[in-house]
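> The structure's right below; bear with me while I get my questions together.
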Amino acid sequence: MVSWGRFVCLVVVAMATLSLARPSSLVKDTTLEPEEPPTKYQISQPEVFVAAPGESLELRCQLGDAAMISWTKDGVHLGPDNRTVLIGEYLQIKGATPRDSGLYACTAARTVDSEAVYFMVNVTDAISSGDDEDDTDGFEDFVSENSNNKRAPYWTNTDKMEKRLHAVPAANTVKFRCPAGGNPTPTMRWLKNGKDFKQEHRIGGYKVRNQHWSLIMESVVPSDKGNYTCVVENEYGSINHTYHLDVVERSPHRPILQAGLPANASTVVGGDVEFVCKVYSDAQPHIQWIKHVEKNGSKYGPDGLPYLKVLKVSTF
């Protein structure tokens, strides 16, 4: 014997899983389940790509079977054309333009439980991107000098300074580091676009960690774009290093549902069934699971609206 029901995953604004075992048909018995922690299906932050207008752009989707990969941009299916080339696990765009900016996703076609990979693309004058390293809890960036050995400033860890170009999504935290040494201990100051960078120049200001020779800006916005230069100096000399920051604005789109989900399912009476709803939303998503039910033998009320029962509410 098979039990039938109609369930809906409603995303108000990145995955939700629903498990059921003989749900009650009484609307008045509606209960809300407590929030659950993210599961293995939750979609992570998209990888950020920045390209200059006119350049070629290449995205790689590592999902195993390259022959079954499909691509979307802002939720719309992508096919090959005179500028877009699909070869195996690669998506190539020739002569990128600002209109190519957006949220790209790749999935394994005809596989409802596969992972999706997301890419945030911004076609701008900036050329490269990457996430910044976190500070450590130690003090390896602070170098103690023998008081008798006077020395001009010098860099102590150039590996943490190799990446000059940084592109990050809006609202993220940015950290620039210039670990240095010298005797006497050098001072550090920061410039933005060649001018002294003061707290009042930025809404929310910024933090300077002298022990780590770092500048930290929280919740960056497009107006934070520019060149940031650390100037390290003492009485014996001065050195400087410049970073370029590009802030990628968040994609202004509605939540995107993975194709094929939620999928229909059937089970015997007394059995369990699971529905999966995979969603990407740049803003914090609010997800509801609802079931269409009958009341007094009718599926619709006097106002013409269907009777619904809220089964689960989740916010990740």
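> So which residues in the stretch 227-264 are among the small types (G, A, S) and modelled with pLDDT of 85 or more?
G237, S238, listed by residue number.
> Regarding V276, is this residue part of a strand (DSSP E or B), under 30 Å from K312 (Cβ atoms), out of contact with any helix residue (DSSP H, G or I) (no Cβ under 8 Å at 6 or more places or on another chain) and not assigned by the TED database to the domain that holds D74?
When the stated conditions are applied, V276 passes them.
> If you don't mind, another one. Which condition does I203 not pass, out of (1) more than 18 Å from N240 (Cβ to Cβ); (2) surrounded by 14 or more Cβ atoms within 10 Å (Cβ to Cβ); (3) under 28 Å from the mean Cα position of the chain (by Cα), if it passes all the others?
With (1) more than 18 Å from N240 (Cβ to Cβ); (2) surrounded by 14 or more Cβ atoms within 10 Å (Cβ to Cβ); (3) under 28 Å from the mean Cα position of the chain (by Cα) applied to I203, the lone miss is (2).
> Scan the stretch 219-232 and tell me whether some residue there is among the charged types (D, E, K, R) and part of a strand (DSSP E or B).
no
> Turning to a different aspect of this structure: Suppose we filter the stretch 280-297 for residues that are modelled with pLDDT under 85 and either touching an Asp or Glu at 6+ places or on another chain (Cβ under 8 Å) or assigned to a loop (DSSP other than H, G, I, E, B) (or both); how many remain?
5
The values are calculated or read from the model by the stated rules, or taken from the named source; none is laboratory data. Just so you know, these numbers come straight off a predicted model, no measurement behind them. Positions of Cβ are backbone-derived with ideal geometry, glycine not excepted, and every protein chain shown enters the neighbour counts.
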